[in-house]
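Inspection log for the structure reproduced underneath, given as C-alpha cells.
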Amino acid sequence: MKKHLKYTLIALSLIAINTSCGKSNDDICDPNQICYTSKPNELYIKLELSTNPGSGPIEVSLYKGFFDDGQLFDTFFTTESIEYYLMPTGERYTATAKYDQENDIIMVIDSDKLTSDSYQNCEETCFDWDEEMILDLKLAD
Amino acid sequence: MFFACSTLESFIYFYIFDMFINTTDMVLNNFRKVLLSFSLLCFLLIIPLKSDGQPILTNPLSGSYFQPHFGINAGTFFNHEDFLFDFGLGLEELGYDFSITFNGSFRPYYKKVLFEEADNLFYQVQERVLQFSIDFEKRFYFIQFMNSSKIGVYAMMKFGYFYGTYKGLKKNRNDTFTITPGAGLSWQFSKISRLNLGYLYFDQNPYANPHTINLKLSLFINKDEKK
C-alpha cells in the first residue's frame, strides 16, 4: 500500500512538472517548417451576435481593457450576426452588445486578450496565431 | 327471527375469523421479513468471502488514540447546473476519525450567467467561481472489517472565502465569507485512502442550484501500515 501511495505521488508530481514548466510541447526542430519570425502587430476580432428579440438594431461597443475599467474605442448599431475589427495585439479587448427584450435591456459582455503564441524551432523563435479572436456576444438560450 | 339471529351470529363469527386470518398473515409476513433481514445480517457478519473481510459492528462514537497524519484530497461537487473541482491538504486524524484541511475549489470552465445590474438592465456574462476554505470533517464508522476498511457516515463544514470572476469585468463579484455544511457516507477502503460520497449545501454559488453531490477521495501517509 505504501508503494501504491509512493507511486501515486510520483505520478502526480511528474504530471505537475510536465504541465507547469520545462519546454513547451510546441517546441520542435524541423527546418522545413514554415516559421513566421515577426510578431503580428494587428489581428482580427470577430464579434458573434444574435438576432435582437426587440427587432431593432443591436448597439455594439468595443473597449480597450475591461468594461468597468477600460477605454471605449467604438460604438455602432448593427443588424448583422458577425462583425470584425482589426486591432493591435498585446491588449485585452472587451465587447458588449445591447439587446431589447420586452421592457428590459440585456447587455452581453465578453472579453479576451489579443495575442499570438510563440515557439522555438531549431533555436529560432516562430510566431503562431489564430485567424481571429472570437468574442461571443450571443444571447444564452 | 331465529334465522335473522343465526345470520348475524354467522356474520360475526365469519368477521372475527377473517380478521384473525388477516392478522396472522400480517404477523407472519412481518416475521418473515424480520427473519430474512436477520439471516442476511448473520450471513454478512459470519460468512464473509475472505477471512480478513469479516465485518465487526463498532461504536461510531468511540475513538482510539491520537494518530495524526498528513493527507491530500481531491474531489468534486456538482449538480445538474454546475460542476466544481475541490483539492486540499492537511491533517488527517485516524484515531479519532476527523480531518482539518485547507481546500481550494473552482469551476474549471466559464458559465454564462444573467443577473440584474440595475432596473430593467441585465448583464449576461461568463462566470468562474473560486473558493478557499478550511474544512473540518468528522467521521463516525459503524462497520469495520478485519482488513482495516471501514464504513460509516461523515459530517463536514467548510469555512471559506468565495468569489466569482467575470469575463470583461475587472472587479470580482459576489465575494463573501461562507459556511458550507455537508454530510454523507464514508468508506475508508484501505489504510491510506478513503472515499466520501454525500451532500453539500453550496448556497454561496449565486447562479446555480445550491444542492450538490460531493464526491471526495482522500489519501494519507500512514506509517503504521503493514508492508
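The values are calculated or read from the model by the stated rules, or taken from the named source; none is laboratory data. In this text the structure is predicted, and so the values were computed from the model without any measurement. Every residue, glycine as well, gets a Cβ built from its backbone with ideal geometry; the counts of neighbours run over all protein chains shown. Just so you know, the surface numbers come from the protein's heavy atoms only, side chains and all, with ligands and any DNA or RNA stripped out. Shrake-Rupley method; radii C 1.70, N 1.55, O 1.52, S 1.80 Å.
Some observations on this one:
- Residue match in the range A:32-52 (condition: within 20 Å of residue B:112 (Cβ to Cβ), free of Cβ contacts under 8 Å to residues at least 40 places away in the same chain and either more than 14 Å from chain B (Cβ to nearest Cβ) or within 21 Å of the chain's Cα centre (by Cα) (or both)): yes
- Meets criteria (aliphatic (A, V, I, L, M), within 14 Å of chain B (Cβ to nearest Cβ) and under 16 Å from the mean Cα position of the chain (by Cα)) for residue A:105: no
- Scope the range A:63-94; condition within 11 Å of chain B (Cβ to nearest Cβ) and surrounded by 15 or more Cβ atoms within 10 Å (Cβ to Cβ); matching residues: A:63, A:65, A:66, A:67, A:70, A:92, A:93, A:94
- Count of residues meeting criterion [closer than 16 Å to residue A:58 by Cα and either touching a Ser or Thr at 6+ places or on another chain (Cβ under 9 Å) or open to solvent by less than 70 Å² (accessible area, probe 1.4 Å) (or both)] in the range A:95-132: 13
- Scan the range A:30-56 for residues that are part of a strand (DSSP E or B) and open to solvent by less than 40 Å² (accessible area, probe 1.4 Å) and the total you get is 6.
A quick yes/no check of all residues on (1) under 17 Å from residue B:123 (Cα atoms); (2) polar (S, T, N, Q):
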position	(1), (2)
A:78	no, yes
A:105	yes, no
A:130	no, no
A:136	yes, no
